[in-house]
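The structure under discussion appears below in the form of C-alpha cells.
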Amino acid sequence: MTGVPVNHRSFEGCVLIDLPGDLDFASVDDVTQTLEEILGEASSPIVIDLSQTTFLDSAGISLLYELRNSLRMRDQALRLVIPEITIIRRALVLSGAADSFRIFGSVAEACAGVEQALEPPA
Amino acid sequence: MLRGEALGRLVEAAPIGIVTLDSTHRILAWNTYAAEILGADEQEVLGTSVFDLFGSGQHAALGELLARTGQPHPGSQPVLLCRPRAGAEQFIEVNSAQVSIGPEEQGHLVILDDVSERVLGDRALRRAEQAQTFLAEAGALLDTSPDPVQTLQRIASLAVPARAELCVIDLLSDTGAIIGVASAAVDPAFAGALEKIRQSYPLDPEGEHPVARVLRSGQAVRLEQMTDETYRRIAHDPEHLALMRGLRYHAALVAPLTARGRTFGAISLLAIDPARRYAAEDLAVLLDVARRAALALDNARLYAREHRIAETLQRSLLPARLPQVPGLRFAARYEPGEGDVGGDWYDVIPLPDGRIGCVVGDIVGRGIDAASVMGQLRNAVRVYALERSSAAEVVKAVDGLAESLGDGRMATLLYTVIDRAGEVIEICSAGHPPALLIDPDGGVRYLASGRSTPVGIGDADRHIGASEPFPDGSALIMYTDGLIERRGETLDCGLARLARAAGEGPADPSRLIAEVLARLGSDERPDDVAVLAIRSVSISHDLRLTVPADPRRVAEIRRSLRHWLESRIEDEELYDVLLASSEACANVVQHAYALRRGAIEVEAELRDGELSILVRDRGRWRTDHVSSRGRGTVVMNAAMDEVRVSTGEAGTEVLLRRRLRAAVAA
C-alpha cells in the first residue's frame, strides 16, 4: 500500500497542491512531513486541491487545521478546493469544520478567490 | 453557270441572308432575307459598316471571321453572333467568303442565318431540364430531411453551379436581424468574399439591399444587370463598395421564403459568370423552390413548438420521484425520441397492504393528444391499483375506462404487483413487451406469462394475471418498446441485446438503467422510451470482515463496506456511514496496532431498514494508551443515530447505528 502523493506546482500566483488518494490517519503523517518541506520556503497563497482526494477522516481534517493555523501565523492564505456532493465535503460538514475553511468548487475559483482576498497586512 | 440578272434574282430570293461588303467592310448590298433578319431598311444600312449591326461585344468574333476569309484558304467555319432584339436575343450564324467586287477590289460575301429559334430552343430545353432537376432534387430533400436548416444548405449546394455561381440563404431572426444560414459557391473565394462582406456589413433589415427589400415586401426581385450604380446604392461605405465590386456579380435573383403569410427568409442566386443571364422563368423556378423550402421550414418550426409543449406535458405527468420502500430500490428514466413525443409512462404505487404496484405503459399515437390520454390512464391505474387487489383486475378496470374514453385509442400496459415479503410478483400484460427478470445470480429471462392484448379494443375481461417468484436480490426491468426497437432490426434482436446488457449490468437500478440505455442506444432513437427498474435487496443482511490491525488496512474495510452498501442506500447516506465507520476503525485499529495486536473485526447488518456496524479488536485494552480522538467522535455522532464506544478487558468496541432514510420514508 502506497501513501498519498503530494503534488505541487505554481499556478496563478499560488502554490497549488493536490493530494490524490485517501487522506486518513494512515497516511496523514507522511503527508504532513511532505507538506512541511514544500511550504517551508513558499510565501505565496496556498491552494490545497482535494478534488482528487478519495477519503478524508478526522486525522486528515486535523492536518488541515494545523496547516491553516501555521499559515495564519505567516499571514499566508489557505484555500481548499472541494467539489460539491463528495465524501470530502461531507466529512468537513459532519466534523463541523466546513465553516473554518475557505472552500471553493474549482481550482480556478480558488485561485481567483485568493487574488481577491489578498488584504494589506494589518 | 448563272450570270447577271438570273443570278441577281436567285440571290434576292434565296432563303438565306446575303450581304456584300467592300474591302473596308461597308455594306454594298443585301437581299430581302438579310433585311428581314437584321430588321433594317436597305436605305439605312447601305454604306454603313457591317460592324454597326452588332454590339461591340461581338466585334472581335466578326472581325476574326472577316480576317480569316481574307486569307487565300478561307475557313468554312461559321461564327455565332448575338444581338438584342425586342425582349430577347437574336442568334445569327455568320459565314463569309471573299469576292471580287471591282476590277481591283476584293470584298466579302457575308451569309447570315437566323438560328435564334434553334439556339434558344436548345437553351430553353437545357434550362427546363436543369430547372426540373433542381426542383425535383430540392423537393426530395425537403420532403425527407428532418433538419430543415441542414436542408437549406443542401439546396444552396444544388443551385450551384447549375443555376448560380453563388447561392445564399438568409433567415430573419426573432430579433429581426438578417442571418445567412447557408451558402454555396462554385469557387470557395466567392463564398469567402461573401462571408467577409456579411460579417463586416450585416444586412440592414431597413436598408436597400435586395435581400432586405424582399424580406420587407415578400416580393421576389430579379436584377438583370447589376451596375456600379446598384452597388453604390447598396454599399454602406467605400470599403463595402470595394468588397462588392470584388465579388463582381452582375445579375441576381432573390426569392422570399414565405409560408402562412409570413416572410422569414430569402434565397439569393448570384451570377458571376459573364455568360449567365437570369430570365423570368429562372425566377419562377427559384420561387417554386423557395415556396417549398419555406413551407418545410415553417412546418418544422411549428412541429418543434408542438414537440416542446408535448414533452413538457409528458414530463409533468411522470412521477417527480419514486417512493422509498424498505427492501426495494427503484429507478426510472424517460427519454424522448427524436420524433414527436409519445405517450409512454411509468409509475410506482405503494398499495395499502404493503405490496407495491409498478406500471409501464405506452399510448398508441404521438403528440399532445397521446400525452394527455397517458395522463388519464396513469391516474386510472393509480386509482384502480388502490381499489383492486389483483393485477388482472386492475388492468381490466383500466381497459374498461380506456374503452369508455371512446376515441379509439389503444395502449399497451404492463402492471406488476411486487410482494416483497412473499418474494413473489404478479404480472398482467396488455400487449406490452415482456418484463425482464434478473436472478440474484445474474441469470436473465423474459416473463412471458400473464399476457393478453392491448387495452382500448373492447372485451376487457380477457386480461389474465400470472405469478412469478421474485427472491431477494432479483431485479425486474419494465420498459416501452422504444428501448428495444432499432431501425432495420427485428424485435428479437433488440430483446436479445437488452437481456445481454441487463445480465452484465450493475446492481444499482439507476446505474443499471444508464448502462442499458447506453448499450441499447443508437444515434437515431425514433421512439421515446420509458424504463423502470426494480431491485429487491435483502432486508436483513450481514457483512463480516476480519483484517490485520494495521492503519493501512482501514481503506480495505471502507471498500468492503462501500461495496456491500452502495446498492442498498443512497450516496449521501453511504458517505455518512463510510465516514463514521472509518472513524470507528481508526479508533480501534490505532489502539490495537500500537499493541501489535493481530486483527480487528467488523460486523455489519441491515435489518428492516436499520443499519448497525460493530468494530472491535481482539485483545486486551490498555488504559495508558488513550489518545484523544475528539474530532472523530464528532464525525461519528453527526453521521449516525447512535454511537457506543465501550472499552474493557477484551479490547475496544465501537457500535454504530443508523435508521436508513428509505426506511424512514416508508
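Nothing in this text is a laboratory measurement; each read-out follows from the coordinates by a stated rule. Not measured: the values here are computed from a predicted model. Note: ideal-geometry Cβ built from the backbone for every residue, glycine included; neighbour counts use all protein chains shown.
Short version: ³J(HN,Hα) in whole Hz for each residue of segment B:202-209, in order, from phi by Karplus 6.51 cos²θ - 1.76 cosθ + 1.60 (θ = phi - 60°), x for Gly and Pro, what are they?
Values per residue, Gly and Pro as x: x, 5, 7, x, 9, x, 8, 4 Hz.
Going by the alpha-carbon gyration tensor, a ≥ b ≥ c the square roots of its eigenvalues, is segment B:200-239 rounded (a/c under 1.5) or, if a/c is not under 1.5, prolate (a/b greater than b/c) versus oblate? List each step's numbers first, then the result.
Working: a/c = 2.86, a/b = 1.19, b/c = 2.41.
Verdict is oblate for segment B:200-239.
Which ³J(HN,Hα) values in Hz, rounded to whole numbers, follow from the phi angles of segment B:447-455 under the Karplus curve 6.51 cos²θ - 1.76 cosθ + 1.60, where θ = phi - 60° and Gly and Pro get x?
8, 9, 7, x, 10, 9, 9, x, 7
Output the 0 to 90 degree angle, nearest 10, between the alpha-carbon long axis of helix B:491-503 and the longest principal axis computed from the alpha carbons of chain B.
Result, in degrees: 40.
Give the residue from B:303, B:427, B:554 lying farthest towards the positive end of the charge dipole for the protein assembly as shown; charges sit on Cβ (+1 for Lys and Arg, -1 for Asp and Glu) and the dipole is referred to the Cα centre.
Highest projection toward the positive end goes to B:554.
Give the peptides B:159-168, B:243-252 in descending order of average Cβ contacts within 10 Å, highest first.
Result, highest mean first: B:159-168, B:243-252.
Beta carbons within 10 angstrom, averaged per residue: use that to sort the peptides A:23-36, A:56-69, B:485-498, highest first.
Numbers: A:23-36: 19.5, A:56-69: 21.1, B:485-498: 13.8.
Ranking, from highest mean packing down: A:56-69, A:23-36, B:485-498.
What order do you get for B:107-116, B:272-281 when each peptide is scored by the mean count of other beta carbon atoms within 10 Å, highest first? Provide the component values of the computation, followed by the final result.
Values: B:107-116: 19.4, B:272-281: 13.3.
Most protected by this proxy first, the peptides run B:107-116, B:272-281.
Find out how many positive minus negative residues lie around residue B:472, taking Lys and Arg as positive, Asp and Glu as negative, among other residues whose Cβ is under 15 Å from that of residue B:472. List each step's numbers first, then the result.
Values: positive: B:329, B:420, B:535, B:568, B:607; negative: B:419, B:423, B:439, B:441, B:468, B:542, B:605, B:608.
Counting the neighbours of residue B:472, the net charge comes to -3.
Ranking B:240, A:8, B:591, B:563 by Cβ neighbours within 10 Å, fewest first, what do you get? Each step should come with its number before you reach the end.
Values: B:240 16, A:8 20, B:591 23, B:563 11.
So the residues, fewest neighbours to most, are B:563, B:240, A:8, B:591.
With angles folded into 0 to 90 degrees, how steeply does helix B:238-247 sit against the dominant principal axis of chain B? Use alpha carbons for both and round to 10.
Helix B:238-247 sits at roughly 80 degrees to that axis.
How far apart, in nanometres, would the label points at residue B:320 and residue B:599 be if each is projected 7 angstrom from Cα along the Cα-to-Cβ direction?
Inter-label distance under the simple model: 5.1 nm.
Under the definition of partner shielding as Cβ atoms of other protein chains within 10 Å of a residue Cβ, what is the mean value for peptide B:564-573? Please list the in-between numbers first.
Values: counts 0, 0, 0, 0, 0, 0, 0, 4, 3, 0.
Counting other chains' Cβ atoms within 10 Å and averaging over B:564-573 gives 1.
Under a point-charge model restricted to the Cβ atoms of Lys and Arg (+1) and Asp and Glu (-1), what is the dipole moment magnitude of segment A:10-122 relative to its Cα centre, in debye to the nearest 20? Intermediate results must be reported in sequence, preceding the final value.
Numbers: 7 positive and 18 negative charges, 73 e Å.
Dipole magnitude for segment A:10-122 comes out near 360 debye.
Does anyone have the angle between helix B:571-594 and the longest principal axis of chain B? Alpha-carbon axes, 0 to 90°, nearest 10?
That works out to roughly 50 degrees.
Rounded, prolate or oblate for segment A:1-117? Axes are the square roots of the Cα gyration tensor eigenvalues, ordered a ≥ b ≥ c, and the cut-off for rounded is a/c under 1.5. Please list the in-between numbers first.
Numbers: a/c = 1.44, a/b = 1.17, b/c = 1.23.
Since a/c stays below 1.5, the shape of segment A:1-117 is classed as rounded.
Where does the charge balance sit around residue B:491 when Lys and Arg score +1, Asp and Glu -1, over other residues with C-beta under 9 Å from its C-beta? Present the calculation step by step, with values, prior to reporting the outcome.
Numbers: positive: none; negative: B:481, B:485, B:489, B:492.
Result for the local shell: -4.
Looking only at other chains, what is the average number of their beta-carbon atoms within 10 angstrom of each beta-carbon in B:632-638?
Working: counts 7, 2, 6, 12, 2, 1, 6.
That average works out to 5.
Run through all the Cα pairs of segment B:291-441 and give the fraction in each 10 Å bin from 0, expressed as whole percent.
Each 10 Å bin holds this share of Cα pairs: 10, 37, 31, 14, 6, 2, 0.
Within 10 Å of each Cβ in B:549-556, how many Cβ atoms from other chains are there, averaged over the peptide? List each step's numbers first, then the result.
Details: counts 0, 2, 8, 8, 2, 6, 8, 1.
For peptide B:549-556, the averaged partner shielding equals 4.
In nanometres, what is the gap between the two model label sites at residue B:467 and residue B:607, each 7 Å from Cα along Cα-to-Cβ?
The two pseudo-label positions are separated by 2.8 nm.
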